[in-house]
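First comes the structure, then the notes that go with it.
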Amino acid sequence: MRRKHIFFTLLLSLIFIGCDTTELIPMPSRDDYSYTINNKYEVDRANPSNIILCNTSTRDIIIESKISKIGWDENFIIIKQINPYDNGISNKGDKDIPYEKKLTEPPVGRFFYWIINCKNDKCYGPFSSEKDFSNGCKELNVSNNIKIENVDNYLKNK
């Protein structure tokens, strides 16, 4: 009887040692981060392909993944986003995916540009060309002093 008990204990130990729980339980990596903008918004990086902007109080996602560049002042946040519908093969996007911003059809283009008014929390975009984005910035009086940089650059300055 004692031999059976030892055998089963060893067997269970080997089973548990062989289990890799890191895939079962999502764990933050040392490269994940978040930082706050104007005490209202937060850039969250859950992994290299999941970088979002969300509201700090409601945790609502304002701009979905993947944000590649960002810049801000006290009035506006400007964002360059990699098109979530671009599969890298064509510029047509996947029309079967419902777009969170309630567009009738996903915009075409490799990148989208967004303007968030921090004073009234309005989100303008997506702009699918730099020209349209630039015109939107002019219409909303976005400062030319806002520098749009890689999202990771702001961590290095902290």
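The values are calculated or read from the model by the stated rules, or taken from the named source; none is laboratory data. This one's a predicted model, so the numbers in the text were calculated from it and none came from an experiment. When we count neighbours, we look across all protein chains shown, and the Cβ atoms used for this are built from the backbone with ideal geometry, even at glycine.
Some observations on this one:
- Restricting segment 34-76 to residues that are under 17 Å from residue 155 (Cα atoms) and among the aliphatic types (A, V, I, L, M), the residue that is surrounded by the most Cβ atoms within 10 Å (Cβ to Cβ): 70
- Scanning segment 96-128 for residues that are hydroxyl-bearing (Ser, Thr, Tyr) and modelled with pLDDT of 90 or more yields 113, 124.
- Candidate set from segment 77-95 (those that are farther than 16 Å from residue 125 by Cα and surrounded by fewer than 18 Cβ atoms within 10 Å (Cβ to Cβ)); member that is modelled with the highest pLDDT: 87
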